[in-house]
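Q: Handing you a structure now.
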Amino acid sequence: MTNILSLILFGEGMLTGLTLTLMMGPVTMIILRHGMQVNRLAGVYAASGTWVSDFVFIGVTFWLTAYVEAWTQKPDVRLSLYLAGGFGLLVMGLLMLRQKKKVLNEQADVSQDSYYKSFLSGFLVNSLSPFSLFFWLGVAVFLHVQNDNPFWYYAGLMLALAIGDFSKAWLAPKLTVWLREKYVYWIQLGAGLGIAATGLYIILLGYLES
């Protein structure tokens with residue numbers, strides 16, 4: 001039974017990660033920028049920076065929310081945690097739906113940055129985004145009320161993010177052929193709807209368990 005729960009949690013993490021890879025926010029744009037205007041390896045370094053930043057967020061947010069674990073068996077507390085985490089994801093998704101159409105500027109003046117600077121750019125863009133903090137806080141709160149090891153959810157999520165971000169970096173030169181304003185806009189809307197739907201699902205799950 002434990003193995004089945006772990007597999008389900010891993011799969012849920014993968015689905016969340018795959019949804020996040022559809023986001024055309026600042027993280028994706030910095031990866032594409034370095035991948036298209038420097039080279040593929042620079043894009044990979046930028047993606048690596050965002051990945052390391054995510055690991056920092058995982059450690060900090062999980063530690064900050066650890067104190068709620070002793071309360072998780074109380075029905076009213078469990079409902080509050082589900083509502084808090086779900087509402088955070090719902091708001092994040094709705095904010096993404098407000099994004100306006102943006103053009104990917106392929107002619108921007110970008111120097112041949114070193115790979116170190118590419119890595120640092122990815123790390124800083126992800127770390128300074130309030131969406132990253134809110135997302136990982138929501139995930140940490142949600143995982144504290146689960147009955148299985150949170151490692152499996154994090155493993156699935158980070159694996160999906162790594163595959164998605166590194167693929168963007170490696171394929172960036174090819175993306176310039178078809179990536180245009182309307183595609184960026186609709187992908188952004190789709191990702192926003194996915195995140196908002198995840199938040200609603202968590203809220204509904206909390207009510208069902210209560």
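The values are calculated or read from the model by the stated rules, or taken from the named source; none is laboratory data. Remember, it's a predicted structure, so these values are computed and weren't measured experimentally. Positions of Cβ are backbone-derived with ideal geometry, glycine not excepted, and every protein chain shown enters the neighbour counts.
Q: Which numbered condition in (1) in a helix (DSSP H, G or I); (2) surrounded by fewer than 22 Cβ atoms within 10 Å (Cβ to Cβ) is the only one that M23 fails?
A: Failed condition: (1).
Q: Name the residue that is modelled with the highest pLDDT, counting only residues in the stretch 102-150 that are closer than 23 Å to A196 by Cα and assigned to a loop (DSSP other than H, G, I, E, B).
A: P150
Q: Going by what's in this entry, would G199 be described as surrounded by fewer than 20 Cβ atoms within 10 Å (Cβ to Cβ), modelled with pLDDT under 75 and in a helix (DSSP H, G or I)?
A: When the stated conditions are applied, G199 does not pass them.
Q: Out of the residues in the stretch 39-91 that are at pLDDT below 65 and either assigned to a loop (DSSP other than H, G, I, E, B) or within 19 Å of the chain's Cα centre (by Cα) (or both), which is surrounded by the fewest Cβ atoms within 10 Å (Cβ to Cβ)?
A: Ranking the candidates gives Q73 first.
Q: Is it fair to say L171 is at pLDDT 75 or above and within 19 Å of H34 (Cβ to Cβ)?
A: yes
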